[in-house]
Structure formats: structure tokens, C-alpha cells
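The values are calculated or read from the model by the stated rules, or taken from the named source; none is laboratory data. Since the structure is predicted, the reported quantities are computational estimates derived from the model, not experimental observations. Backbone-built Cβ (ideal geometry, glycine too); neighbour counts: all protein chains shown. Only protein heavy atoms, including side chains, enter the accessible area calculation; ligands, DNA and RNA are left aside. Shrake-Rupley method; radii C 1.70, N 1.55, O 1.52, S 1.80 Å.
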Amino acid sequence: MGSPQPPPLAHVFRGTFVHSSRSEPMEILHEHLLGVDDSGTIVFLEQSDQQEQLAKKWGFRTSDIRELSNYEFFMPGMVDTHIHAPQYSFTGTRVDLPLLQWLTTYTFPTEAKYKDSDFAEEVYTRVVRRTLKNGTTTACYFATIYTDTSLLLAEILDKFGQRAFVGKVCMDVNDSVPQYKEITADSVRETERFVKELLEKKYPRVQPIITPRFGPSCTEDLLHALGNLAQAHDLHVQSHISENEEEIKVVEKMFPAYQNYTELYDKNKLLTSKTVMAHACHLSEEELKLFSLRGAAISHCPSSNFSLCSGILNVQMVLKHDVKLGLGTALGLDDVIGNFEVGKEFDALLINTKASDSPFDLFSADNFEDTVQKFLYLGDDRNISEVYVAGKQVVPFSSSV
């Protein structure tokens, strides 16, 4: 009997690949061949001089190889660990108030509109299209308190092919905008329904995430029930913590039995190795030690922190305590995505540094690392010619989405 045939390849690319590895913060691999099988998994990444042996093993022809130009390279897809999908409708506006007043004046009244499925569908479709076009292949989304339109967001994500976590927001305290809050028992029951219905859809890359909004919008009973739910189903958790000082004072007043904000989440089983907490500008060293002990992650949001004058995260202090910190990692998917190692799924961006309307210029003195840096600091969606999630090309968009 002959040896079994390898699975057919969906893609073979030859050119330059730029990624991070455990040993190198930026590794540039020139003249390499990368193969992706039908399941979207990377099956080889080798130097081009191995082409003959690879072709024999994997059964591809020279004509099957997609050649990149000298001005193109692949990099891993970007990961956004904290997005409020409903707030996309007013992105770039309304940053004239501090956090709690901003929520009351702008955010809660806007989110209350998402009970309307037509309104939700328009905004959610646009935010998914925009983030994909900008190179975000994996995203962690807050939706709203409304279960049905939160499920609609998950459906839209699956249709466009973005890898994502989606959370139905839970909040049973909101004195400032009383029409936008839940009864505790309803919040728990609807979250259970959200999780159940989303899992039953069996979307390949869209998962539920337990989402208490933040301490000031939740009772202890709600936090406790959500922690039990996350534990029972081994689910990811997302929320906010210590974004601004006024918020911390509210938490201290509401929950005097807890030593600090972090303990509030921890004692209610919401601080785990599958937890991502946004902002965390004002955590104490004691709290950072607890984050590290539990393996919980922080999503750093500098633009928001500066826009709302919330504070500045001491990144060095966070890293000193060995706490997972992400602008673009920390979702517990590091064995699936993040670079071009064999066995990982091919989430990737094809970058063209000489796109016709590129926002930056290249000069004869620029070496390849210079061009990569120019893209990272000055580039935008005009340089992103193609986007792949698990080997499937999702940008440019097909006519069916």
C-alpha cells in the first residue's frame, strides 16, 4: 500500500512573510513558500529552494503558486480585543465628556436603539465590513442588552467570515437612563438564552463571551450568576475595570465588602485565564498580582483613555507583574492564530506598500524593514489588498455579502 495522499491545498504563496515568533518580535522571511490546506491550516512555511520537495509531498504544480511582488508581503491578521459594536455609529464624535457622563449622555441612549433589528443590522454590518477592511481578522465585541440583535451581530460576523467573540451586555443598574437596563433575573435568563442559541448555530469562528458591562452597572447578584454561568460552560469573560477614578469611587461605594475592584470580579468567578478586562488604568500592584495569578488579560485602549481623559495605563508596571496585555493578543487563541507557524490557521493580510493611493512614500534608501515600519505607522486600508481568515479570502468582499 502506498502512503496516504495529503489533503489538497487551497493556497500556495511565494514571497515575503512578516510575523512575530517567541524568539523574535519581528521576523522577516524573504523567498519563502507557504501552503494552506482546505481547512485553512498552514501546512508548510519553508525557503523557496525547498519547492521541488514540497511540490512532491503536497502535490502542487508551479502554476498553482501565487507569486508576490517585491512590494508585497503577508502579515498576520490583526486582533482587536475590545470593540463596542453599537458605538460604531458615533465613532469619531462625542468625546467631550468624562466616562460616566459620556455613558449617560451619548452611549446608553444610543445603545437603547438597538432593540430595532433594522437599525442594528445596518450598524453591525458596517462595523464588521469596516474592521475587516482595516485588517482586523479577530475581534472581541460588546453588543447591547438585547439578545436578539446581539445574535444578529453574530450572524453578520459569520456571513462576513470574521473570527469573533460576541457578548450580550448585562446590566441591571442604570439610574441615569432607566429605560436601558435589565431586571436581574431577566439578564441572567437572557444571557443563558444568548449562549445556548449562539452555540447551537455552530458557527465555526464566532463564540459567545460573558459580558457584565462594568461594576457600576451590575448588582452583586448579577455578577455572581454570570460568574457561575461562565464557569459552568467554560466561557470567556469580558468587562471593564478601573477606567477612571470616578468609576472606582462608585464601585467602592456600591461594594464596600470588597477590598478593591479586581476582587469584586475575582470573588464572583469572573477573573479567570479566559478573562479580558478593558482599560485598567488605575489598578494597584496588589490587583495586578491577582490578575497575574488568575492569568487574566488587560486590553489596553490608549485612544479611548486619552479622548475621555480617563488616565494613562502604566504598561511597564503591567508587564513587570507578568500580566497578559494586549492591543492585539490576549484572547487565548495563541495556539490557533497570531503568526505563520505550521498548524495555525491562516489569518493574514496581503500588504501592498506601493498601492496606487498609498498614504506613505518609499525612497531608494529604504530597506525592507523600513517599508514594514512605514506601513505599521502610516499605512491604512489602502495598503491592505486582501484579507484572509482561516484560509478563506474575505476582503475584497464577495458579491454575496
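Here are some notes:
- Gain upon complete extension [Lys196, Cys309; 0.36 nm per residue less C-alpha separation]: 36.8 nm
- Placing a label point 7 Å from the Cα of Asp38 along the Cα-to-Cβ direction, the residues of the range 362-401 whose backbone N falls under 16 Å of that point are 391-392.
- Across the range 1-113, the mean sequence separation of Cα contacts (distance under 8 Å, 6 or more residues apart), normalised by length, yields a relative contact order of 25 percent.
- Over all projection directions, the Cα-based convex hull of the range 1-155 averages an area of 14.7 nm².
- Val206 contributes about 10 Å² of solvent-accessible surface, heavy atoms of the protein only, 1.4 Å probe.
- Taking only the Cα atoms of the range 106-168, the ratio Rg/Rh comes out at 0.95, with Rh defined as the Kirkwood radius.
- Scaling the Cα radius of gyration of the range 302-401 by the globular reference 2.2 N^0.38 Å produces a ratio of 1.38.
- Here the scattering of the range 48-137 is modelled by Debye summation over its C-alpha atoms, one equal scatterer each and no solvent; at q = 0.19 Å⁻¹ the log10 of I(q)/I(0) is -0.99.
- Taking a straight Cα-Cα cut-off under 28 Å and skipping sequence neighbours fewer than 8 places away in the same chain, the lysines within cross-link reach of Lys269 are Lys168, Lys181, Lys196, Lys201, Lys202, Lys249, Lys253, Lys289, Lys320, Lys324.
- Per residue, the average separation of C-alpha pairs within less than 8 Å and at least 6 apart gives the chain a relative contact order of 18 percent.
- Put a dot 7 Å past the Cα of Lys354, heading toward its Cβ, do the same for Lys159, and the two dots end up 3.9 nm apart.
- Among beta bridges that DSSP assigns inside the chain, antiparallel share in %, nearest 5: 45
- Normalised by residue number, the volume inside the convex hull of the Cα atoms of the range 159-316 is 136 Å³ per residue.
- Taking label points 7 Å from Cα along the Cα-to-Cβ direction, Arg94 and Glu31 give a separation of 5.5 nm.
- Computed FRET value (nearest 0.05) for Leu293 with Gln316, which takes r as the C-beta separation and R₀ as 25 Å: 0.80
- Each of the trypsin sites (Lys or Arg not before Pro) that DSSP puts in a loop and that has at most 10 other Cβ atoms within 10 Å breaks the chain; the longest unbroken stretch is 203-401.
- With all protein chains in place and a 1.4 Å probe, the accessible surface of the chain carries 50 percent carbon and sulfur.
- Remark on the chain: Rg and Dmax equal 22.5, 74 Å (Cα only).
- Against the chain, whose longest principal axis comes from its Cα atoms, helix 220-233 is set at around 30 degrees.
- Degrees separating the helix 184-201 axis from the principal Cα axis of the chain, which is the longest one: 20
- From helices alone, the chain scores -9500 deg cm²/dmol at 222 nm; the rule is -39500 (n - 2.57) for each run of n ≥ 4 DSSP H residues, then divide by the residue total.
- As a calculated quantity, the FRET efficiency between Asp361 and Ser21 at R0 = 30 Å, using C-beta atoms, amounts to about 0.50.
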